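Working notes, beginning with the structure itself.
Every read-out reported here was derived from the displayed coordinates using simple, explicitly stated rules and does not represent laboratory data. Remember, it's a predicted structure, so these values are computed and weren't measured experimentally. Using ideal geometry, Cβ is built from the backbone for each residue, glycine included, and neighbour counts are taken over all protein chains shown.
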Amino acid sequence: MAQNTQSRILSIDEQIQKLKEKKNKEIAKLERNTGKRFLEKFNLQNKPLDEIYSFIDSLEELSKELLEDNQSSDQKNEQSNK
């Protein structure tokens, strides 16, 4: 009985390991595909890596500024509606 339980536990552990590996492969595939599309959309395929990183950083800053602007606009609208 104990050995049967032990073998089921081992089998479950093996299944969990295989699922983790499959998850990691799918994540890597997703990252490759989205990265490729990103590079194509912004025409960065032939740019050096540091230039791509700089572009990403500038997008991040721009998005932060836009979010902050939207939040402050929303707050002003809420205050004017009161």
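Which residue, N33, I52, Q15, has the largest displacement toward the positive end of the dipole of the chain when charges sit on each Cβ (Lys, Arg +1; Asp, Glu -1)?
Going by the charge dipole, the pick is Q15.
Could you give the dipole magnitude of the chain about its Cα centre, charging the beta-carbon of Lys and Arg +1 and that of Asp and Glu -1, in debye to the nearest 20?
Details: 15 positive and 16 negative charges, 144 e Å.
Charge dipole of the chain: 700 debye, to the nearest 20.
Using alpha carbons only, how many degrees (0 to 90, rounded to 10) separate the axis of helix 49-81 from the longest principal axis of the chain?
Rounded to the nearest ten degrees, it is 70.
Relative to the longest principal axis of the chain, what angle (0 to 90°, nearest 10) does the C-alpha long axis of helix 2-41 take?
Between the helix axis and the principal axis of the chain, the angle is about 30 degrees.
Under the 0.36 nm per residue contour assumption, what length would be gained going from the current alpha-carbon distance of N4 and E68 to full extension?
Stretched out fully, the N4 to E68 stretch lengthens by 17.1 nm.
Would you kindly calculate the mean projected area, averaged across all directions, of the convex hull enclosing the Cα atoms of the chain, in square nanometres?
Reported value for the Cα convex hull: 11.6 nm².
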